[in-house]
Amino acid sequence: MTANPYTPGQVPRVFAGRAAELRRIEDQLARVLTFGELGGPLLVFHAPRGIGKTSLLRTAQRRAEELGFVAAWVACSRERPVLPELVGSLRTALERAEVLPRGGAGGVWRKRLERVSVEVGLPGAKVAAEVASPPGEKPDDTLGLAPIHALGTLLHDAAALVRRRGGAGLLVLVDELHVALPDDMSILLNTLQNLDGDREHNPLAVVSAGLPVTPEALTRAATFGERSAFVPLDVLNGADARAVLTAPAEEAGVGWTDGALTAVVDEARGHPYLLQLIGSGTWDAARPRRGTKLGLADVRRGLPAAQQQLTAMHRARWGSATPTEQAFLAAMAATGLDNVTRVAIATGMGRDSRSISAPRERLIDKGVIEPVGHGLVRFTLPGFGAFVRGLDDA
Ligand SMILES: Nc1ncnc2c1ncn2[C@@H]1O[C@H](COP(=O)(O)OP(=O)(O)OP(=O)(O)O)[C@@H](O)[C@H]1O
Ligand SMILES: [Mg+2]
């Protein structure tokens, strides 16, 4: 038997589809590469959990590095400021690409990186900058200018250094952007705005990803945040979903019967995580040898293990919801519909439809439900409605 090539919960061995989204990134990289200028506005991919944001960013990182970019990666977290981490990651990336000079000049660079890291990370950075700015000349933003200036010149100098050393430029990747602290978002947006003012001298691009609330959070952090390039990621189409299953198996010399493929694609409904999960379960059930095919019987034998994992995820989402949120979810599930209206939920909860906004927003924030237009919402994880309905019977 050969090793299981599926990767539920990890960056995929073979990244399938997403041609249009990759093109958005490659267009920016091409601009940096060809003209040595800023790639474009902040690119923001947004989608619920498990749709493939991190995988897309990792794929972009790999492509960029192949083109001669130096890529710095950070994932935001609610617990700590992200910008010092970004500076640290930039340093590692520059060192790994052997762009930072050795000896004297390198030492100056490293000291500077440390200084900027402190500057953008100080909780008091904001206050300090306001105090430092001349009286009567308050920046119109509430945010201090010092960290923005520090980050801007650092990104500029680092990108220019990469170019001087024969590289393409700099790619900054920011994952989980929706949880960045508002100050961090604001500093990042202001920095990019400044770099855009001198675009032809800033050979870099910034690509980010977050939950569907990201556009709103960015616009709250800085009004011009709304001028970022927002790209929603949807579930995979049929052909791409099939490729998620067939491509990794093919590398191991294993095929899929058409019936088995159709069954898994129907079950997963284009959700990349589920495709990987069921693919993995099928593989483990079959333990296929090179030259064989995975069939419908293998899918059926593999499903219970995948189902168990999925149920554990449902349970975790349910468990982390407050009683009011649970009542909201139960009311949604009770309708048995995919897309549920505000009125139906309010009626189910025995509340006025205006009073359900708070739990609705929080559940969207958590990525458990998502808006689908006209005030309707749906669950982001397939099978969640059935899971919640099943709780009643237990
Ligand atoms: N284009 C793709 N081809 C193959 N597998 C994919 C693809 N996109 C995502 N996956 C798989 O789907 C799963 C979820 O992907 P990923 O972690 O990138 O999602 P995400 O949107 O970042 O989720 P989260 O919001 O939880 O971080 C992973 O197991 C990954 O292997
Ligand atoms: Mg992710």
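The values are calculated or read from the model by the stated rules, or taken from the named source; none is laboratory data. What you see is a predicted model; the values in this text were computed from it and never measured. Every residue, glycine among them, receives a Cβ derived from its backbone with ideal geometry; neighbour counts consider all protein chains shown. Surface areas here come from the heavy atoms of the whole protein model, side chains and all, with no ligands, DNA or RNA. Shrake-Rupley method; radii C 1.70, N 1.55, O 1.52, S 1.80 Å.
Here are the numbers for the structure shown:
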read-out	value
Cβ-placed point charges (K, R +1; D, E -1), dipole of the chain about Cα centre in debye, nearest 20	840 debye
Whole-number percent relative contact order across the chain, with pairs defined as alpha carbons under 8 Å at least 6 apart	21 percent
Rounded accessible area per residue of segment 320-393, 1.4 Å, Å²	48 Å²
Candidate aspartates and glutamates - alpha carbon under 17 Å from K293, same-chain residues fewer than 8 apart omitted	E250, E251, D258, D284
Aspartates and glutamates with Cα under 16 Å of K111, excluding same-chain neighbours fewer than 8 positions away	E85, E95, E119, D157
Mean projection area, nm², convex hull over Cα of the chain	23.1 nm²
Estimated [θ] at 222 nm from DSSP helical runs (n ≥ 4, -39500 (n - 2.57)) normalised by residues in the chain, nearest 500	-18000 deg cm²/dmol
Net charge of Cβ neighbours under 13 Å - reference N202; Lys, Arg +1; Asp, Glu -1	-2
Dipole of the chain [Lys/Arg +1, Asp/Glu -1 at C-beta], most positive-end residue of L275, P232, T219	L275
Electrostatic dipole magnitude of segment 238-317 [Cβ: Lys, Arg +1; Asp, Glu -1; Cα centre; debye, to 20]	260 debye
Sulfur and carbon atoms: percent of accessible area, the chain [1.4 Å]	52 percent
Rounded to the nearest 20 debye, dipole of segment 320-393 from Cβ charges on Lys, Arg, Asp, Glu	160 debye
Choice from V172, V265, V340 with maximal GNM fluctuation in the chain (Cα, 10 Å cutoff)	V340
Shape category assigned to segment 19-232 from the gyration tensor of Cα positions, a/c cut at 1.5	oblate
Beta bridge orientation in the chain: antiparallel %, DSSP, nearest 5	15 percent
Mean accessible surface per residue for segment 213-291, computed with a 1.4 Å probe while every protein chain stays in place, in Å²	44 Å²
Overall form of segment 320-393 per C-alpha gyration tensor (a/c, 1.5; a/b vs b/c)	rounded
Convex hull per residue volume in Å³, alpha carbons only, for segment 238-317	76 Å³
